[in-house]
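Peer 1: This structure is in structure tokens; I'll ask about it shortly.
Laboratory data are not the source of any read-out in this text; all were calculated from the coordinates shown. As the structure is a computational prediction, the values presented were derived from the model and not from experiment. Cβ placement follows ideal geometry from the backbone for every residue including glycine, while neighbour counts extend to all protein chains displayed.
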């Protein structure tokens, strides 16, 4: 997606920032089903035609919002140990999901992805970017001898996230630092035991 | 899924079965937002007043559907080993989530729970019942010396489910037997390493 990347400080970027902000507000307040490009343009103080020409559909706008969130995601940690890196990752996920705005945004986007194929693809891309950013933590742990050779880095990073998203969407238990530490420790222990060794 | 099969009981039970079946069909086809008690009554071939008097709201009807699913859930395994029991649990979750009707139902109910407090409570209750059914697997593993004393049985059972629900709702990766085996093995390894020891 190259929309809005023309000049960081230019009009294009300002319009994109205002529209994404307005779209996020509307998504959190009303949900995906009620999103409306004309209403988002109104909230953003931007011409309706600009929004229609640039994004075209609500799904494309939500996909661009996820691109923007991926661009802004925190660089991976490099603490020198697997458990340190995975804890940093778990606490980043925790901060995202418990942030009042970002948590509500993720919940709304996950719900939208369950019903809309384009949003589902955008969400998958978002997580692929995040996972590629953090996978080197696992690769370094393999080269330090902390993990078996052939450990699937993607699976380890996903294993850190899974219990936290499970709490958010399924069991609705509190998302707290204990849950984040436990997610990191469980993923590290399972990885050390070879549970994420590549198959096939 | 046995909802809709003929069960013992009189007219009351038959009406309930027909209405829950119709509600499930409507939920899978149209989603929670479009559920309508009058339409469900029509599909079920049951009087509208009966449905209004007995359930009153769509959320109450979905809650009753979850109660019915909890009543019919498969009894826990007792294979004699932790990994055997957790694998049986993971494959039960896999079968549920990949069943065309049940998988769609769960997805629809999880989406509804993100927006509706009563459905969220009903979903929490459903999982509490399932977890209570399977927790003895972990308790037996503790008494056999396979797991550290003080291991949180609820957390171990949830850890088996989390990666599978994560695939369903978040990463949209395939739900296959390899994923189920891996979920069981990772939960067992983390539990053995003490990652689910009770805190506090």
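Peer 1: For chain A, what mean projected area does the convex hull of the alpha carbons give, in nm²?
Peer 2: On the way: hull surface 49.7 nm².
Average projection, Cα convex hull of chain A: 12.4 nm².
Peer 1: Separate question: Relative contact order, percent, of chain A when contacts are C-alpha pairs under 8 Å separated by at least 6 residues?
Peer 2: Contact order relative to length: 21 percent.
Peer 1: Then there is this: Taking 20 °C and 1.002 mPa s as the conditions, I'd like the Stokes-Einstein D for segment A:68-115 in µm²/s, using the Kirkwood hydrodynamic radius from alpha carbon pairs.
Peer 2: Approximately 177 µm²/s, per Stokes-Einstein.
Peer 1: Let me know the mean shielding of B:169-181 by other chains, meaning the per-residue number of their Cβ atoms within 10 Å of its Cβ.
Peer 2: What the average comes to for B:169-181 is 4.
Peer 1: Moving to a separate point now. Taking chain B as a Gaussian network, where each spring joins two C-alpha atoms under 10 Å apart, which residue of B:151, B:178, B:96 fluctuates the most?
Peer 2: B:178
Peer 1: For residue A:101, go 7 angstrom from Cα along the Cα-to-Cβ vector, then report the distances to that same point in the other copies in nm, smallest first.
Peer 2: The projected label point of residue A:101 is separated from its counterparts by 4.5 nm.
Peer 1: Averaged over its residues, how many other protein chain Cβ atoms are within 10 Å of peptide A:57-69's Cβ atoms? Display every interim value, and only then the final one.
Peer 2: Details: counts 0, 0, 0, 0, 0, 0, 0, 0, 0, 0, 0, 0, 0.
That average works out to 0.
Peer 1: Calculate, axis by axis, the spread of Cα positions in segment B:24-103 along the three principal axes, and write the results as whole Å, longest axis first.
Peer 2: 51, 22, 19
Peer 1: Ordered shortest first, which distances in nm separate the 7 Å Cα→C-beta label point of residue B:30 from those of the other copies?
Peer 2: 2.2
Peer 1: Taking the Cα atoms only, what angle lies between the long axis of helix A:11-30 and the longest principal axis of chain A, rounded to 10 degrees?
Peer 2: That helix lies at roughly 80 degrees to the long axis.
Peer 1: Next question. With a 10 Å Cβ neighbour count serving as the proxy for reagent exposure, in which order, fewest first, do B:116, B:99, B:25 appear?
Peer 2: By the 10 Å Cβ count, ascending: B:99, B:25, B:116.
Peer 1: Other chains near A:94-100: what is the mean number of their Cβ atoms within 10 Å of each residue's Cβ?
Peer 2: 0
Peer 1: What is the Cα centroid distance between segment A:154-180 and segment B:83-149, reported in whole angstrom?
Peer 2: When both Cα centres are located, 15 Å separates them.
Peer 1: Sticking with this one: Classify segment A:91-184 as rounded, prolate or oblate from the Cα gyration tensor: take a ≥ b ≥ c as the square roots of its eigenvalues, call it rounded if a/c is under 1.5, otherwise prolate when a/b beats b/c and oblate if not.
Peer 2: Note, shape of segment A:91-184 comes out oblate.
Peer 1: For the protein assembly as shown, what is the per residue volume of the convex hull drawn over the alpha-carbon atoms, in cubic angstrom?
Peer 2: 157
Peer 1: For segment A:11-58, what is one quarter of the convex hull surface built on the Cα atoms, given in nm²?
Peer 2: Hull-based average projected area comes out at 2.8 nm².
Peer 1: Measuring from a point 7 Å out along Cα→Cβ, what nm distances, shortest first, does residue A:178 have to its partners in the other copies?
Peer 2: Result, one decimal in nm: 3.7.
Peer 1: Roughly how tilted is helix A:117-143, in degrees to the nearest 10 and between 0 and 90, from the longest Cα axis of chain A?
Peer 2: Value to nearest ten degrees: 30.
Peer 1: I would also like to ask the following. Is any residue of segment A:92-108 close enough, with backbone N under 19 Å, to a label point placed 7 angstrom from the Cα of residue A:25 along the Cα-Cβ axis, and if so, which?
Peer 2: Zone members listed by number: A:100-106, A:108.
Peer 1: Using R₀ = 35 Å, calculate the FRET efficiency as 1/(1 + (r/R₀)^6) where r is the Cβ-Cβ separation of residue A:115 and residue B:54; round to 0.05.
Peer 2: 0.75
Peer 1: Give the relative contact order (percent, whole number) for segment B:73-192; include only Cα pairs under 8 Å separated by 6+ residues. Intermediate results must be reported in sequence, preceding the final value.
Peer 2: Values: 123 pairs, mean separation 42.6, N = 120.
Reported relative contact order: 35 percent.
Peer 1: Would you mind getting me the FRET efficiency between residue A:139 and residue A:74? Use the beta-carbon distance for r and R0 = 22 Å, nearest 0.05.
Peer 2: For R0 = 22 Å, the calculated efficiency reads 0.70.
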